[in-house]
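Student: Below is a structure I'd like to ask you about.
The values are calculated or read from the model by the stated rules, or taken from the named source; none is laboratory data. Only a predicted model underlies this, so the values are computations on that prediction, with no experimental measurement involved. Backbone-built Cβ (ideal geometry, glycine too); neighbour counts: all protein chains shown. The protein model used for the area step is the full one, side chains on, heavy atoms only, and it has no ligands, DNA or RNA in it. Shrake-Rupley method; radii C 1.70, N 1.55, O 1.52, S 1.80 Å.
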Amino acid sequence: VTSGSDASFHSVSFSETDHPKVLITGGLGQLGVGLAKLLRNRFGKNNVILSDIRKPPSNVFHSGPFIYSDILDYKNLREIVVNNRITWLVHYSALLSAVGEANVALARAVNITGLHNILDIAAEHGLRLFVPSTIGAFGPTSPRNPTPDLCVQRPRTIYGVSKVHAELMGEYYHHRYGLDFRCLRYPGIISADSQPGGGTTDYAVQIFHDAVKTGKFECNLKPDTRLPMMYIDDCLRATLEVMETPVESLSMRTYNINAMSFAPEELANEVQKQLPDLQVTYEIDSVRQAIADSWPMNFDDSNARNDWGWKHDYDLPELVQTMLNFIGSDSR
Ligand code: AKB
């Protein structure tokens, strides 16, 4: 805790009969707007506040509460939590794997120092806290096929290191201070109406846009680079489900979740079933390739399935159909 006289952590228990009051940080990234929509449908428009340091596009601004919040500014965060009587915090601010390697100092500040602020605020105000982790929290010495929840985690990216740190710190705060910390390790997330920024799995989003717009796609990973992936709707639903799961059902605080695994050539083949003229070439980005080669190929999410009933809806054919319908209708 950086300031204030009542620095001891106490638990303000959140009554399950009330709707939660949710703050989403990093709300203008790939996932925030979609999550806000899902949570607003469930808990009411004004009970979900999106936040970011960037100016929101007008459709986002007009769809519900939006607020400026800088996770590196502890006082600003505390003011938002207090003034809005926040009870759940979803912490989406982070630099992803590839962009993190290009700017290690910023990734360290946002992903590690920012997380410390979030943990302290959440513990101090008795919040239920969700922090996403990732397949990137594993590394070359982890078992890759499949990767279980508990195994060696020695990632070689600042992103991965920061996410292992988040998992461990969240669990530590849970055991030490009773923080209601919940964490899912996301695979690569594929979405049509929001763009990822600076990740290793971004190719699996870009291929759809390029296929529809130009009929050509240059892939920056090798054709046989297999990674776990998930459609955004499954990811957001998993997030809501784990947040609503009764404490007794959680045997752990950090879970792998998965839907499918594929390599670029398999994704390209599936897209070509709909768009046979699509031309795919490969121009390997050595940074991204090295990262992908150290990540899980298949993700074992059996604990999530057993403990709180996780089940994905989208496999590769449904994913491709849904993405092409969405992007195709958008570009017409
Ligand atoms: C990335 O590629 O960095 C992210 C991730 C898998 O965490 N999409």
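Student: Take the eigenvalues of the Cα gyration tensor for the chain, scale each by 5, and report the square roots as semi-axes in whole Å, largest first.
Tutor: Equivalent ellipsoid semi-axes, largest first: 33, 22, 19 Å.
Student: Take the alpha-carbon centre of the range 41-94, take the same for the range 230-270, and report the distance between them in whole Å.
Tutor: Centre-to-centre (Cα) distance: 24 Å.
Student: Using the Cα atoms of the range 163-268, I'd like the radius of gyration and the largest Cα-Cα distance, Dmax, both in angstrom.
Tutor: Values for the range 163-268 (Cα only, Rg and Dmax): 16.9, 54 Å.
Student: Over the chain, with a Gaussian network built from C-alpha contacts below 10 Å, which listed residue (Ser261, Ser302, Ser286) shows the highest mean-square fluctuation?
Tutor: Comparing Ser261, Ser302, Ser286 in the GNM, the peak value goes to Ser286.
Student: Under the Karplus relation 6.51 cos²θ - 1.76 cosθ + 1.60, θ = phi - 60°, what is the ordered set of whole-Hz ³J(HN,Hα) values for the range 38-44, x standing for Gly and Pro?
Tutor: So the J values, rounded to whole Hz, are 4, 5, 5, 4, 8, 10, x.
Student: With θ taken as phi - 60° and the coefficients 6.51, -1.76 and 1.60, list the Karplus ³J(HN,Hα) couplings across the range 202-214 in order, rounded to whole Hz; mark glycine and proline as x.
Tutor: 4, 4, 6, 9, 4, 4, 5, 5, 5, 4, 6, 7, 10
Student: Suppose every Lys and Arg Cβ carries +1 and every Asp and Glu Cβ carries -1, with no other charges. What dipole size does the chain come out with about its Cα centre, to the nearest 20 debye?
Tutor: 580
Student: Next question, about the same structure. Give Lys45/Lys163; Lys55/Lys273; Lys37/Lys311; Lys21/Lys55; Lys37/Lys216; Lys163/Lys273 a once-over and call out the pairs whose C-alpha atoms are over 28 Å from each other.
Tutor: Lys45/Lys163; Lys55/Lys273; Lys37/Lys216; Lys163/Lys273
Student: Please report the antiparallel percentage of DSSP beta bridges with both residues in the chain, rounded to the nearest 5.
Tutor: Here the antiparallel bridges make up roughly 10 percent for the chain.
Student: If you take the beta carbon distance between Ala102 and Thr141 as r and set R0 to 35 Å, what does 1/(1 + (r/R0)^6) give as a FRET efficiency, to the nearest 0.05?
Tutor: Efficiency, rounded to the nearest 0.05: 0.90.
Student: Here is a further query. So who's got an amide H within less than 5 Å of the one on Thr134, skipping anything under 5 residues away but keeping other chains? H placed 1.01 Å off N, in plane.
Tutor: Tyr186
Student: Out of Gly136, Met230, Leu50, whose Cα points farthest toward the positive end of the dipole of the chain (charges: +1 Lys, Arg; -1 Asp, Glu; placed on Cβ)?
Tutor: Positive-end residue among those listed: Leu50.
Student: Hey, any idea what the orientation-averaged projected area of the convex hull of the range 255-331's Cα atoms comes to, in nm²?
Tutor: So the Cα hull casts an average projection of 6.9 nm².
Student: How high is the relative contact order of the range 240-332, given as a whole-number percent (alpha carbon pairs under 8 Å, six or more residues apart)?
Tutor: 48
Student: Return the FRET efficiency for the residue pair Ser251, Glu318: r is the Cβ-Cβ distance, R0 is 41 Å, and the value is rounded to the nearest 0.05.
Tutor: Efficiency, from the Cβ-Cβ distance: 0.85.
Student: Per residue, how large is the accessible surface of the range 244-332? Use a 1.4 angstrom probe and give square angstrom.
Tutor: 49
Student: Calculate the FRET efficiency for Ser194 and Glu241 from the Cβ-Cβ distance with a Förster distance of 25 Å, rounded to the nearest 0.05.
Tutor: The pair Ser194/Glu241 has a calculated efficiency of 0.75.
Student: Could you pull out every residue, at least 5 positions away or on a different chain, whose amide H is within less than 5 Å of the one on Glu218? Hs are placed 1.01 Å off N in the peptide plane, and Pro or chain starts have none.
Tutor: Residues meeting the criterion, in which the H sits 1.01 Å from N, are Thr281.
Student: How large is log10 of I(q)/I(0) for the range 176-219 at q = 0.20, 0.23, 0.28 Å⁻¹ when the intensity is taken from the Debye formula with one equal scatterer per alpha-carbon?
Tutor: Cα-only, vacuum Debye calculation for the range 176-219: -0.69, -0.83, -1.05.
Student: Multiplying the sequence separation of Glu266 and His19 by 0.36 nm and subtracting their Cα-Cα distance, what value in nm do you get?
Tutor: 84.7 nm
Student: To continue, here is another question. Determine the share of the chain's accessible area contributed by carbon and sulfur atoms, expressed in whole percent, with a 1.4 angstrom probe.
Tutor: Using a 1.4 Å probe with all protein chains present, the chain comes out at 49 percent carbon and sulfur.
Student: Also, I was wondering about something else. Taking a point 7 angstrom from the Cα of Asp285 along the C-beta vector, which residues in the range 197-223 have backbone N less than 16 Å away?
Tutor: Inside the label zone: 197-210, 217-223.
Student: May I pose another question? Using the basic label-point model (7 angstrom from Cα toward the beta carbon), what is the Lys75 to Lys311 distance in nanometres?
Tutor: 5.1
Student: For Asp313, what is the net charge nearby, where nearby means another residue's Cβ is under 15 Å from its Cβ and Lys, Arg count +1, Asp, Glu -1?
Tutor: -3
Student: Using helices alone, what [θ] at 222 nm do you get for the chain, with -39,500 (n - 2.57) per DSSP H run of 4 or more residues, divided over all residues and rounded to the nearest 500?
Tutor: Dividing the helical sum by the residues of the chain leaves -12000 deg cm²/dmol.
Student: Could you report the range 188-242's accessible area per residue, 1.4 Å probe, as an integer in Å²?
Tutor: Result: 31 Å² per residue.
Student: Another question, if that's okay. Grab the other residues whose beta carbon is less than 11 angstrom from that of Ile190, score K and R as +1, D and E as -1, and report the net.
Tutor: -3
Student: Here's another thing I want to ask about it. Looking only at the range 186-205, which residues have a backbone nitrogen under 15 Å from a spot 7 Å from the Cα of Phe326 in the C-beta direction?
Tutor: Only 188-197, 202-205 pass the distance filter.
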